[in-house]
Amino acid sequence: MLSFDNEREEASVFTKDQRYFQKVERKKVTFMSLCLFFHDLSLPFLRVDMTHRFRRDLTKSDAEAKMSKQKLQQRMKEQFQKAMGGMPSWAETKVKKKNKKKDDSDDDEDGDDLMRKTGNFVGSSDSLPKGIIRIKKCLHANNDRPSEDRLTTVQFHPSAQVVMTAGLDQSISLFQVDGKTNPKIQSIHLEKFPVHKAQFSVDGEQVVATSFRNKLFYIYDMMEGKVIPVHTVRGLREQRVKEFEVSPDGESLLLTGTSGYLHVLTMKTKEVVNSMKINGNIAGVAFSHDGSKVFTNSEEGEVYIWDMRSSKCLNRFTDDGCVSGTSIAASKNGQYLACGSAAGVVNVYSQEECMRQNNPKPLKAIMNLVTSATSLCFNPTSEILAIASRADDEAARLVHIPSFTVFSNFPMFQRKTIYRAHRLDFSPNSGFFSLANNKGRAPLFRLLHYKHF
C-alpha cells in the first residue's frame, strides 16, 4: 500500500480548495484510491489527468486535459462498445440476457454473426492428426499496443473474440482478435502495480489482477468501466496475494498462500471460507474440468488431490522421477493430468488412475524441454498439450494427444519469435494459440485444423 509521506507530495495532488484531503495522510488511504479509478462517487469534483499516455486515446480534443471520473467511465464504456461493434453479449445486463435466452434461434444467429465479423471459421473439426500441425503465424496479439516490459499474462476471453495481455508495465490491455490487425479495444493503467497475473471471470465480465509484493488485488469490471481495489480479505493472513485460479463455476478464487496453504475465497463476499495445506511449498494448482477437485503440485514433487466441497485430501502421490515440481495442468475432458518438473520433464497421467492408485505410472514422460517446465496448458478439445520454459528462448512445444508426440514443425521459423514464454493459452475453440513473452509481445498463431475461434 502506498501513502503520501510529506506535504510536498500532498501539494502536488490537492488544490487549496480541497484541504479536506489533507486528512488522508492520517487515514492512510492508498494512492490508487485517489487516482484514475477512485470509486467514491460522493466526491464528484475529483478530476483525472488525461494527458497520461494510457489515457490520451480517450480524449476527443485538447480541451479535455482534465475529466471527471463519471465522464471517464462513460467514455471507456463508449470506446469499448465502439471497438466491439456494439455491446457484446457477455457484457449485457442480466435482464437482456434473460430475454435472449427465450429464443434459442436468436442465440445461434448471434454466434454466426460473431464468427463472420472476424474470420470464416465456421465448420466442424475431425480428430487432430499427429506429426505436423497446420499452423499460421499471425500479427502479435498485442501489436496495436506492445508492452514496455515483460508480459506475464495472455488469455482469450471465454466467449468473445478478445484477448487480454498484462505485465510488468502496470497495464491490462484488451484486443479484438482477427489475426490480421488485432485492434486494441482498451487499456487500463494500475499505478505502482506491476501485474503478476490477470484472469477473466468465468462469465467474462470481470478481470482479476494480482501483483508481486502485497495482498492488494484489483477487480476490473468491464461492464461498468471500473477498477475496484480489494485491500483486505476477511480470514486471510497472508502477506501477499500472487498466484490464484478462478473456479470453473465462477463462484470462488483459489489463492496460493505460503507454507503450503491454499485458500478458497468467495467472489461474492470476498472472504476466505476454507483452507487446505500441503507439505512443503505449492508449485502449481489446477481445477478439474467440473471444479469438484483441485490438483496441487508441490516443489518437493508430490501431487495432492482435494475435494473442493469438503476440503479433504482424496489422494496423494509422488510425481514419477520428479525431484522438484514446477507446474500442473488438467485437461478439459477430465482424462489427463500433466505435471512439470525443474528437469524439464512433463509427466502425463490418467486422472482416473491418479484418483485410485497411491503410485500411478505416467502414460508418457515428455522430455522435449531441457530447462524447467514452467507453463503447461491443454487446449479445449484436449488434443494438444502446450508446454514451455521461461528459462530459455524458443523453449515451447505443442504435444499431440493421445499419441504424446511433439509436432515437428513448432516452433520452426528462420528467426526467434517466441523468446521466453511466461504464459500460454488457447482460444475457446482452439482456433488460436498465444504466448506471453519477456519482450512484451504476445505471439499469435492460427491453428488451421480448428474452424471455430
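The values are calculated or read from the model by the stated rules, or taken from the named source; none is laboratory data. Keep in mind the model is a prediction, meaning the values are calculated, not measured. Backbone-built Cβ (ideal geometry, glycine too); neighbour counts: all protein chains shown. Accessible surface is based on the protein model in full, side chains and every heavy atom, while ligands, DNA and RNA are left aside. Shrake-Rupley method; radii C 1.70, N 1.55, O 1.52, S 1.80 Å.
Within region 54-81, the set of residues being of a type in the set (D, E, K, R), at pLDDT 75 or above and under 17 Å from ILE185 (Cβ atoms) comprises ARG75 only. Among the criteria (1) buried (at least 20 other Cβ atoms within 10 Å of the Cβ); (2) touching a Lys or Arg at 6+ places or on another chain (Cβ under 8 Å), the one ALA283 does not fulfil is (2).
Within region 218-234, residues that are without any contact (Cβ under 8 Å) to a residue 24 or more places away in the chain sit with their Cβ atoms under 9 Å from residues that are assigned to a strand (DSSP E or B) and open to solvent by 10 Å² or more (accessible area, probe 1.4 Å), at 6+ positions apart or across chains, in these pairs: ILE219/GLN206; ILE219/LYS226; ILE219/ILE228; ILE219/PRO229; ILE219/VAL230; ASP221/GLN206; ASP221/ILE228. For region 434-450, a tally of residues being open to solvent by less than 10 Å² (accessible area, probe 1.4 Å) and in a loop (DSSP other than H, G, I, E, B) returns 4.
Residues that are in contact (Cβ under 8 Å) with a residue 60 or more places away in the chain and either over 21 Å from ARG441 (Cα atoms) or touching an Asp or Glu at 6+ places or on another chain (Cβ under 6 Å) (or both) do not occur anywhere in region 354-367. Listed by position, the strands (runs of 3 or more DSSP E) contained in region 266-316 that have at least 3 residues being over 21 Å from GLY235 (Cβ atoms), touching a residue at least 12 places away in the same chain (Cβ under 8 Å) and under 20 Å from the mean Cα position of the chain (by Cα) are 282-287. Checking GLN199 against (1) touching a helix residue (DSSP H, G or I) at 6+ places or on another chain (Cβ under 8 Å); (2) modelled with pLDDT of 95 or more; (3) buried (at least 17 other Cβ atoms within 10 Å of the Cβ), which test does it fail? If we test GLN199 against (1) touching a helix residue (DSSP H, G or I) at 6+ places or on another chain (Cβ under 8 Å); (2) modelled with pLDDT of 95 or more; (3) buried (at least 17 other Cβ atoms within 10 Å of the Cβ), just (1) comes out false. For region 339-359, the tally of residues that are over 16 Å from ALA286 (Cβ atoms) and open to solvent by less than 10 Å² (accessible area, probe 1.4 Å) stands at 1.
If you go through region 376-395 and keep only what is open to solvent by 10 Å² or more (accessible area, probe 1.4 Å), out of contact with any Asp or Glu (no Cβ under 9 Å at 6 or more places or on another chain) and either free of Cβ contacts under 8 Å to residues at least 24 places away in the same chain or under 19 Å from SER331 (Cβ atoms) (or both), you end up with LEU376, PRO380, THR381, GLU383. SER288 meets the stated requirement of being under 26 Å from VAL346 (Cβ atoms), crowded, with 18+ Cβ neighbours inside 10 Å and touching a helix residue (DSSP H, G or I) at 6+ places or on another chain (Cβ under 8 Å).
Let's see how each residue does on (1) polar (S, T, N, Q); (2) over 21 Å from HIS422 (Cβ atoms):
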site: ALA338; (1), (2): no, no
site: SER341; (1), (2): yes, no
site: TYR349; (1), (2): no, yes
site: ASN359; (1), (2): yes, yes
site: THR374; (1), (2): yes, no
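Here is the figure for region 145-181: residues that are on the phi < 0 side of the Ramachandran plot and outside any strand (DSSP E or B) total 17. Only residues that are surrounded by fewer than 19 Cβ atoms within 10 Å (Cβ to Cβ) and at pLDDT 95 or above: list them for region 411-433, please. Hits for region 411-433 are PRO428, ASN429.
Each row is one residue, and each column tells you yes or no for (1) more than 19 Å from PHE295 (Cα to Cα); (2) among the hydroxyl-bearing types (Ser, Thr, Tyr); (3) open to solvent by 20 Å² or more (accessible area, probe 1.4 Å).
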position: LYS215; (1), (2), (3): yes, no, yes
position: LYS226; (1), (2), (3): yes, no, yes
position: HIS231; (1), (2), (3): yes, no, yes
position: GLN239; (1), (2), (3): yes, no, yes
position: LEU253; (1), (2), (3): no, no, no
position: SER259; (1), (2), (3): no, yes, yes
position: LEU262; (1), (2), (3): no, no, no
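Looking at GLY325, GLY301, GLY321, GLY291, just one residue is farther than 19 Å from LEU385 by Cα and in contact with a Gly (Cβ under 7 Å, 6 or more places away or on another chain), and that residue is GLY301.
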